[in-house]
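Q: I'd like to ask you about the structure that follows.
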Amino acid sequence: MHKWIMAGLLCCASLLAVFLLLTGLPEKEQTATNSPAFVVPDRAVDADASQQIYKNNCMSCHGTEMQGAVGPALAHIGATMTKEQLYKIITNGRGGMPSFEDRLTEDEIIMITTWLASQK
Ligand code: HEC
């Protein structure tokens with residue numbers, strides 16, 4: 001009799017483990033930008049379109065010549081930050097830096113990230 005109870009408990013436990021594993025997966029995908037394996041896809045630099053995005057969204061805080069204002073200078077940001085770091089900051093925001101996840105499309109964020117990373 002005891003054996004059956006043990007077997008039942010073991011069965012419940014493994015079902016629970018499988019359930020947690022399955023429901024845990026979508027959450028992992030959502031935080032993909034936080035995993036070290038995250039890579040911004042390689043694109044050609046589109047300076048004109050990127051500068052337009054910069055003018056409309058970033059210039060007010062980072063300055064007309066990227067010299068810095070409310071936010072730090074970005075003129076040589078590519079020398080100190082990787083595309084992945086830039087992408088994360090622009091997407092999620094940080095401190096006084098707003099998140100652009102809902103204001104720019106994924107494509108626009110990749111575009112400006114690629115351009116900023118080329119500013120060395
Ligand atoms: C409302 C003002 C504001 C706007 C708009 C803004 N930023 Fe920022 N940004 C900041 C501030 C403030 C910081 C410093 C954040 C900190 O101290 O963690 C910052 C930090 C950064 C950094 C990190 C720089 C470093 O040296 O650590 C990057 C990169 C950046 N911003 C890019 C952008 C881009 C690209 C845009 C436009 C899409 C933008 N920012 C728009 C205020 C702004």
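Laboratory data are not the source of any read-out in this text; all were calculated from the coordinates shown. Computed from a prediction, not measured in an experiment: that's the story for all the values here. Counting neighbours? That spans all protein chains shown, and the Cβs are built from the backbone with ideal geometry, glycine included.
Q: Tally up the residues in segment 53-79 that are of a type in the set (Val, Ile, Thr) and more than 8 Å from the ligand (Cβ to nearest atom), please.
A: Qualifying residue count, segment 53-79: 1.
Q: Further, regarding this structure: Quick check, is residue 82 surrounded by 15 or more Cβ atoms within 10 Å (Cβ to Cβ), of a type in the set (S, T, N, Q) and within 14 Å of the chain's Cα centre (by Cα)?
A: Judged against the criteria, residue 82 is not a match.
Q: Let me ask you something else. Taking segment 98-113 as the region of interest, how many residues are part of a helix (DSSP H, G or I) and under 14 Å from residue 88 (Cβ atoms)?
A: The total comes to 5.
Q: Now for a separate question. Under 6 Å between Cβ atoms, at least 6 apart or on separate chains: pull out the pairs that start in segment 36-61 with a residue that is within 16 Å of residue 86 (Cβ to Cβ) and end on any residue that is hydroxyl-bearing (Ser, Thr, Tyr).
A: 40/87; 40/113; 43/114; 45/114; 45/118
Q: Anything in segment 68-98 that is within 16 Å of residue 40 (Cβ to Cβ) and hydrophobic (A, V, I, L, M, F, W, C)? List them, or say none.
A: Result: 77, 81, 86, 89, 90.
Q: Take the residues in segment 80-102 that are touching a helix residue (DSSP H, G or I) at 6+ places or on another chain (Cβ under 7 Å) and under 12 Å from residue 57 (Cβ atoms); name whichever of them is farthest from the ligand (Cβ to nearest atom).
A: Going through the qualifying residues, I end up with 99.
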